[in-house]
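**Q** So that we are looking at the same thing, I have put the structure below in structure tokens.
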Amino acid sequence: MSEREPIIEARGLSRSFHGFVAVNNVNLRVRRGTIHALIGPNGAGKSTLFNLITKFLTPSAGQIFFKGEDITHQRPDEISRKGMVRSFQISSVFPHLSAHENVRVALQTRSGDTYCFWKSDHSLGALNERTDALLESVGLSAFAHVPAVEMPYGRKRALELATTLALDPEVLLLDEPMAGMGREDIARTADLIRNVSRSRTVLMVEHNLRVVSDLSDTITVLRRGEVLTEGSYMEVSANPEVQSAYMGGGNHARH
């Protein structure tokens, strides 16, 4: 697959709900090795489009391709095994397992094994090294033995990212990764996304424009279920229709 070819492509993607068109004839090309953001005002169709691409919704029309393969009718677990993994807006870690146990569960899931509390530490040793490395990569070494339920919100989201990375995705799909975070957690999470994107493609839905401007190579702006414009942050923020639809008019691209 050429570097110039999209790793994810949507062609003529549409989705209707009882006569309401939530996504209308959207074409999207996500280039390999980039961070691509979907933005737009509330009701623009971002979440619906994201759910279509990640196969949690079935399109009314159109096709979705991953590395040139038509995945339009494949299930979420099938595309996950192919290397396209979604991290959810609402944390999905096991609350009463420690950070270390959560990551090790994810590693065992990927290897096709099942998590067994009665397995000897020796038999799980091969996973422990990788688990520790993943926790270190997201800044959670000090939280390794802390139950997820006792971790601060931002650290819990970092743990969720570690469990997603344990599946070794080629493409990481992030649904509002900064939702509910304070400034310090946002900065830390942005750094994590930047680091993991060095060897992966990232597609994210995000409301925080400062994060989008700092991280994204390409931004697709949606309005009323359609693509309004696409390009770099400089390009889309200079578009008068974007300023009107998304930023309330005027020169308020960053806030």
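**Q** Check Ile79, Ile53 and return the single one that is without any contact (Cβ under 8 Å) to a residue 40 or more places away in the chain, buried (at least 17 other Cβ atoms within 10 Å of the Cβ) and of a type in the set (Val, Ile, Thr). Talk me through it step by step, then tell me what you get.
**A** Numbers: Ile53 fails: without any contact (Cβ under 8 Å) to a residue 40 or more places away in the chain.
Answer to the selection: Ile79.
**Q** Only one of these conditions is not met by Arg104: (1) under 19 Å from Leu203 (Cβ atoms); (2) part of a helix (DSSP H, G or I). Which number is it?
**A** (1)
**Q** Please go through the stretch 4-44 and pick out each residue that is within 17 Å of Thr201 (Cα to Cα) and in contact with a Lys or Arg (Cβ under 6 Å, 6 or more places away or on another chain).
**A** Listed by number, the residues that qualify are Pro6, Ile7, Glu9, Leu38.
**Q** Do you know which residues across the stretch 71-128 are at pLDDT below 70 and of a type in the set (Gly, Ala, Ser)?
**A** Selection gives Ser91, Ser111, Gly112, Ser120, Ser123.
**Q** Here are Thr201, Thr163: which of them is of a type outside the set (Phe, Trp, Tyr), in contact with a strand residue (DSSP E or B) (Cβ under 6 Å, 6 or more places away or on another chain) and at pLDDT 90 or above?
**A** From the options Thr201, Thr163, the qualifying one is Thr201.
**Q** Tally the residues that are among the basic types (Lys, Arg) and in contact with a helix residue (DSSP H, G or I) (Cβ under 7 Å, 6 or more places away or on another chain), restricting the search to the stretch 193-237. Quick ask: steps written out before the conclusion?
**A** Taking the stretch 193-237 and keeping what is among the basic types (Lys, Arg), we get 194, 198, 200, 210, 223-224.
Within this subset, residues satisfying the condition of being in contact with a helix residue (DSSP H, G or I) (Cβ under 7 Å, 6 or more places away or on another chain) are 194, 223.
Qualifying residue count for the region: 2.
**Q** Still on this structure, I have one more. Which count do you get for residues in the stretch 204-225 that are at pLDDT below 90 and hydrophobic (A, V, I, L, M, F, W, C)? So that I can check it myself, show each step before the final result.
**A** Let us first name the residues in the stretch 204-225 that are at pLDDT below 90, namely 207-210.
Narrowing the set further to residues that are hydrophobic (A, V, I, L, M, F, W, C) leaves 209.
Going through the stretch 204-225 one residue at a time, the tally reaches 1.
**Q** As an exercise: evaluate Gly45 against (1) under 17 Å from Glu226 (Cβ atoms); (2) modelled with pLDDT of 95 or more; (3) not aliphatic (A, V, I, L, M) and give the number of the one condition it does not meet.
**A** (2)
**Q** So the check is Cβ under 6 Å with 6+ separation or different chains; which pairs have a first residue in the stretch 217-235 that's basic (Lys, Arg) and a second one that's surrounded by 18 or more Cβ atoms within 10 Å (Cβ to Cβ)?
**A** Going by the 6 Å Cβ cut-off, the qualifying pairs are Arg223/Gly40; Arg223/Ala44; Arg223/Ala245.
**Q** Just checking, which of Ala190, Ala162, Ala166 is surrounded by 15 or more Cβ atoms within 10 Å (Cβ to Cβ) and over 13 Å from the mean Cα position of the chain (by Cα)? Give the steps one after another, and end with the answer.
**A** Numbers: Ala190 fails: over 13 Å from the mean Cα position of the chain (by Cα); Ala162 fails: over 13 Å from the mean Cα position of the chain (by Cα).
The unique qualifying residue is Ala166.
**Q** Using beta carbons and a limit of 7 Å, which pairs, at least six apart or on different chains, have the first residue in the stretch 90-114 and outside the structural domain of Ala144 (by TED's automatic domain parsing) and surrounded by 15 or more Cβ atoms within 10 Å (Cβ to Cβ) and the second one of a type outside the set (Val, Ile, Thr) and modelled with pLDDT under 90?
**A** Partner pairs satisfying both residue conditions: Ser91/Arg157.
The values are calculated or read from the model by the stated rules, or taken from the named source; none is laboratory data. Predicted model only: the values in this text are computed from it and were never measured. All Cβ positions, even for glycine, are placed from backbone atoms using ideal geometry, and neighbour counts span all protein chains on display.
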